[in-house]
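Please read the structure below before turning to the comments.
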Amino acid sequence: MRIGRYLFAAAVASLAAPPAVKAQCSAPYLVEQQFPTAGPEQTRWKVCWQVMDGPNLVVTGAWFRPAPAASWIKLIYDARVSQLFVPYHPGSPRYYDIGYGFGSVPLTGTDCVAPNGTVLGSSSELCKEVRDRGIAWKHDASMRRGQELVLWSVMAAANYNYVVEWTFRDDGIVLGRVGATGQIAGTNTHVHGPIWRLDLDLNGSCCNTVATMTHSEVGLTGVDAHNDVTTERGITYSPTAFTMVGIRDQTLVNGNGKHSEWHLMPNIAGIPLHQEPFTKNTFWVTRYNWSEMLGDQLPAYVAPAQSTVNSDVVVWYYAALHHVIRDEDTNMTHLMWTGFMLKPANVWAKTPLFP
Amino acid sequence: MANAARAVLLAAVLIIAPAVARAQGPLPLDPLTPQERAVADSAATSDPRVREFIGAGRSRQIHLDFISAKSGARGEDVPPTRHAEVLFYNYDRDLGVLALVDLSRRRVVDVARVPGKSVPINSDEVADAARLALADPRVARLFGGQMPSFRVATKAASREELGTPRIEGLRLVGGAANDPCTRHRCVMLFFRVDNRYVQMNRVAVDLTAQQVLIREGER
């Protein structure tokens, strides 16, 4: 009888719940996290992951639910580091640090510490952490702290280890970072340059458009420009323009009727411009092609340039760590990071996680 | 009785449901199973386009893994079928070929060419490079005739292996016109003794020409 009551309650709950996303991956390759972690749900992420030979941690799907009764929003189809270019200042050596057959570095409970951290995967290749992320917002005596789900893995590349990390925050922000650590080789400054391939399928794979957003000063006035990227091309970054790109879907709007977007915002200390043509732009926009996975081939991918309006687009982001050797690097280089933020805009009709 | 009923219900959820899921095969975005890897390998190596490509000259398989390939339908959340990608490299042509295998149809549904410079190296190539280097007297001289008994490492060192002499490798790409690695496929070898790297950036191997290159300290 009690079993009957449980089943009835489960059936009622399923009827009351918003439309579910059909399971696309199974444990442990599926991570689902509600926020806040305790108490009634406000937001929720569902993430599929694989640690692949070569690019290491790949997000093979990510969906965000901005409210318990809201529909899931598809955001990521496939997000990965496509190449890691490491040129040294004398001009040589120049390395591509992604190779096949080297595996990931197995993690232990010392790397990924309980109770917030859990090691996942058949080869202990992933650390899942759920963390307090500090202040989400504050004004005088009213405030709120935020939380985040962090997935990371470690790529072995001879004398370096790279930490490949993806963070999914309670406010819909996604952070992608790569950190370099290990043993230096000599005294020459060098650059570690990851190129991320971000196949963002906002609300599905078809009808997305990317726009550049730039700022300029005209006399006393600040002017922001939004320009659609209509064909495949590279886009340079300007620190005075606060250059970023936004991706929007043709039909996805918030409660105010505004197009929902996610903005790709660099976290940049400097811009690497090497001899190689693929390093000449911070952002690239291409049209989806299953075989276009290599960041160092970007100039070829955009020629001839296809239309990228209301289409299945892929955004690429190239950044770098400028590693100036210090005496402190003598035995071991402490972890240094570079990365970006994907920030929702007009997904909610008002401030989320408030009050 | 109530507790027993709860236990039965819990067992059904925790044991039976996952078992049913496993029996139904992998979900769309799960990693490849060993069986799927075998299917992909067989399909790729028996495909006429791939065979024609790898049949001409010295070549090897570089990589085989899951790929989430789209069909292009509007709103498609995940691909309708599971795919694998298989990458081959031909040294004589300095060219890669990437094969897309539809695992349900057990055949290659598309191929794409990849310029040689963009084809990553794999661990077998590091092993080949190390074999050539260890047989070269110039490399022995770098170690003053006291060559440690190196073994090729293709995985990260475990705690027990940290002190073991090992050779690791990275893809070296040239920049200057007179650098053989600008035109050829090269691996830089990293010699690790007592968990420290020695003779760093000195020994590269040109896999295209099958030659060991002793380079002067570059970093």
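Please indicate, with yes or no, whether at least one residue in the range A:289-312 is within 15 Å of A:Asp201 (Cα to Cα) and assigned to a strand (DSSP E or B).
For the range A:289-312, residues within 15 Å of A:Asp201 (Cα to Cα) and assigned to a strand (DSSP E or B): present.
Being touching a residue at least 40 places away in the same chain (Cβ under 8 Å) and surrounded by fewer than 17 Cβ atoms within 10 Å (Cβ to Cβ): is that true of B:Val193 here? Explain how you work it out, then say what you get.
On the way: touching a residue at least 40 places away in the same chain (Cβ under 8 Å): yes; surrounded by fewer than 17 Cβ atoms within 10 Å (Cβ to Cβ): yes.
So B:Val193 fits the description; yes.
Say whether the condition of being crowded, with 16+ Cβ neighbours inside 10 Å and under 14 Å from the mean Cα position of the chain (by Cα) is met by at least one residue in the range B:34-56.
Yes; the residues of the range B:34-56 include at least one that is crowded, with 16+ Cβ neighbours inside 10 Å and under 14 Å from the mean Cα position of the chain (by Cα).
State yes or no: is B:Asp110 more than 9 Å from chain A (Cβ to nearest Cβ), surrounded by fewer than 21 Cβ atoms within 10 Å (Cβ to Cβ) and of a type in the set (Asp, Glu)?
Numbers: more than 9 Å from chain A (Cβ to nearest Cβ): no; surrounded by fewer than 21 Cβ atoms within 10 Å (Cβ to Cβ): yes; of a type in the set (Asp, Glu): yes.
No, not satisfied.
Within the range A:311-355, which residues are more than 21 Å from A:Thr167 (Cα to Cα) and touching a strand residue (DSSP E or B) at 6+ places or on another chain (Cβ under 6 Å)?
Correct list: A:Ser311, A:Val313, A:His322, A:His323, A:Thr333.
Take B:Val101 and decide whether it is over 28 Å from B:Ser68 (Cβ atoms) and either acidic (Asp, Glu) or surrounded by 17 or more Cβ atoms within 10 Å (Cβ to Cβ) (or both).
On the way: over 28 Å from B:Ser68 (Cβ atoms): no; either acidic (Asp, Glu) or surrounded by 17 or more Cβ atoms within 10 Å (Cβ to Cβ) (or both): yes.
So B:Val101 fails the test.
Just to be sure I understand the filter: pairs with C-beta atoms under 9 Å, separated by 6 or more residues or on different chains, first member in the range A:92-110 and more than 7 Å from every other protein chain (Cβ to nearest Cβ), second member crowded, with 22+ Cβ neighbours inside 10 Å and among the polar types (S, T, N, Q). Which pairs pass?
Sorted first by the residue in the range A:92-110, then by its partner, the pairs are A:Ser104/A:Asn56; A:Ser104/A:Ser153; A:Leu107/A:Ser153.
Can you confirm whether B:Arg138 is free of Cβ contacts under 8 Å to residues at least 40 places away in the same chain and either closer than 28 Å to A:Thr110 by Cβ or surrounded by fewer than 20 Cβ atoms within 10 Å (Cβ to Cβ) (or both)? Even if it seems obvious, please write down each step before you answer.
Numbers: free of Cβ contacts under 8 Å to residues at least 40 places away in the same chain: no; either closer than 28 Å to A:Thr110 by Cβ or surrounded by fewer than 20 Cβ atoms within 10 Å (Cβ to Cβ) (or both): yes.
No, not satisfied.
Regarding the range A:107-117, can at least one residue be identified that is of a type in the set (A, V, I, L, M), at pLDDT 95 or above, farther than 23 Å from B:Asp124 by Cα and in a strand (DSSP E or B)? Working first, answer last.
So in the range A:107-117, the residues of a type in the set (A, V, I, L, M) come out as A:107, A:113-114.
Narrowing further to those that are at pLDDT 95 or above: A:107, A:113-114.
Right, trim to farther than 23 Å from B:Asp124 by Cα and you get A:107, A:113-114.
Cutting the leftovers down to in a strand (DSSP E or B) gives us none.
Looking for residues that are of a type in the set (A, V, I, L, M), at pLDDT 95 or above, farther than 23 Å from B:Asp124 by Cα and in a strand (DSSP E or B), one finds none in the range A:107-117, hence no.
Name the strands (runs of 3 or more DSSP E) wholly inside the range A:173-252 in which the number of residues that are of a type in the set (Asp, Glu) is 2 or more.
Details: elements: A:174-182, A:190-200, A:208-218, A:221-228, A:233-235.
In the range A:173-252, the matching strands (runs of 3 or more DSSP E) lie at A:221-228.
Determine whether A:Cys112 is hydrophobic (A, V, I, L, M, F, W, C), crowded, with 22+ Cβ neighbours inside 10 Å and in contact with a Cys (Cβ under 9 Å, 6 or more places away or on another chain). Walk me through how you get there before you give the answer.
Working: hydrophobic (A, V, I, L, M, F, W, C): yes; crowded, with 22+ Cβ neighbours inside 10 Å: no; in contact with a Cys (Cβ under 9 Å, 6 or more places away or on another chain): yes.
No.
Of (1) under 15 Å from the mean Cα position of the chain (by Cα); (2) surrounded by 21 or more Cβ atoms within 10 Å (Cβ to Cβ), A:Asn267 satisfies all except one. Which?
(2)
Quick one: would you say A:Thr209 is away from chain B (no Cβ under 14 Å) and among the β-branched types (Val, Ile, Thr)?
So A:Thr209 passes the test.
Show me the helices (runs of 4 or more DSSP H) found entirely inside the range B:66-184 where at least 1 residues are in contact with a helix residue (DSSP H, G or I) (Cβ under 8 Å, 6 or more places away or on another chain).
Qualifying helices (runs of 4 or more DSSP H): B:123-134, B:137-142.
The values are calculated or read from the model by the stated rules, or taken from the named source; none is laboratory data. It should be emphasised that the depicted structure is a prediction, and the values quoted were computed from it without experimental measurement. Note: ideal-geometry Cβ built from the backbone for every residue, glycine included; neighbour counts use all protein chains shown.
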